Ligand SMILES: [Zn+2]
């Protein structure tokens, strides 16, 4: 039951009833709820200082997990970096040395990888894990750079290896007469009295004695530069091996190749004879480097066993002059 209130009116000297207007009621209620709300906000604010909401707790846990992932990623990148370093070391110390290339300086391998503009948002953010995130991306950029340098180096080594293999196949490195076919290694490279001309001059090749018709083999890959008859050299063949090497084969009974023909090491290019300035069937064989005759024996490394090599040395000791 609502209480009825009165007040004493000094003007009329009477007690008069207090009448409450609807506006007063509304204002009173509004004031009450405002107070309650203010107290509630105050309590919530105070509590939130000491306790997290479930949503905040979840976000914090997720954040922690993400940070952990970044740390793991960073560790993995360190391991990858170590693997790459060991590949680089092997490259510098073995492969590049083998192919006569200088090691790549560390300054070039490491390079100056700085921040990139595509990550500007992270650099400018206030993220408390900014350093970890930036550091991780920098490691990735670093790895990219080092892998690129390593890849370039391997490409070079690849080319050099291909070229070296091609060069080794081209250099005149086998005897033109099979060790089984030859009867003697006659005149050697160097100064000697010419057997027919009877004066001292340089013998610019070596002579293999072998029966007429014994096959003569190309000593390395190359192209036939000349194949013709000359009054002194008889039927002769010149092979250009590239890499500034040539080989010459003289006094053949006949040749089996023509100018411009490509030959492989071991191909039969002609047969032993005694044409031109010669007094018995033999092959006069020369190797030229940059157009200058060199000692062919120094290049025989492809098809000789130790025993065969000793046989060659023995044959050299018993040498005889043929042209
Ligand atoms: Zn000779």
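Please indicate, with yes or no, whether at least one residue in segment 295-303 is surrounded by fewer than 19 Cβ atoms within 10 Å (Cβ to Cβ), within 16 Å of the ligand (Cβ to nearest atom) and either at pLDDT below 95 or under 13 Å from residue 239 (Cα atoms) (or both). Yes, segment 295-303 contains at least one residue that is surrounded by fewer than 19 Cβ atoms within 10 Å (Cβ to Cβ), within 16 Å of the ligand (Cβ to nearest atom) and either at pLDDT below 95 or under 13 Å from residue 239 (Cα atoms) (or both). Scanning segment 126-139 for residues that are assigned to a loop (DSSP other than H, G, I, E, B) and farther than 14 Å from residue 66 by Cβ yields one hit, 126.
Yes/no matrix, rows are residues, columns are (1) touching a helix residue (DSSP H, G or I) at 6+ places or on another chain (Cβ under 9 Å); (2) surrounded by 11 or more Cβ atoms within 10 Å (Cβ to Cβ); (3) assigned by TED's automatic domain parsing to the domain that holds residue 148; (4) assigned to a helix (DSSP H, G or I):
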residue: 23; (1), (2), (3), (4): no, no, no, yes
residue: 31; (1), (2), (3), (4): no, no, no, yes
residue: 39; (1), (2), (3), (4): no, no, no, yes
residue: 57; (1), (2), (3), (4): no, yes, no, yes
residue: 68; (1), (2), (3), (4): no, no, no, yes
residue: 84; (1), (2), (3), (4): yes, yes, yes, yes
residue: 89; (1), (2), (3), (4): no, yes, yes, yes
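Matching residues to (1) more than 20 Å from residue 269 (Cβ to Cβ); (2) at pLDDT below 75; (3) within 16 Å of the ligand (Cβ to nearest atom); (4) surrounded by 13 or more Cβ atoms within 10 Å (Cβ to Cβ):
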| position | (1), (2), (3), (4) |
| --- | --- |
| 112 | yes, yes, no, no |
| 174 | no, no, no, yes |
| 187 | yes, yes, yes, yes |
| 194 | yes, yes, yes, yes |
| 203 | yes, no, yes, yes |
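Every test in (1) over 15 Å from residue 170 (Cα atoms); (2) modelled with pLDDT under 95 is passed by residue 257 save one, and that test is (2).
The values are calculated or read from the model by the stated rules, or taken from the named source; none is laboratory data. Model, not experiment: these values are computed from the prediction. When we count neighbours, we look across all protein chains shown, and the Cβ atoms used for this are built from the backbone with ideal geometry, even at glycine.
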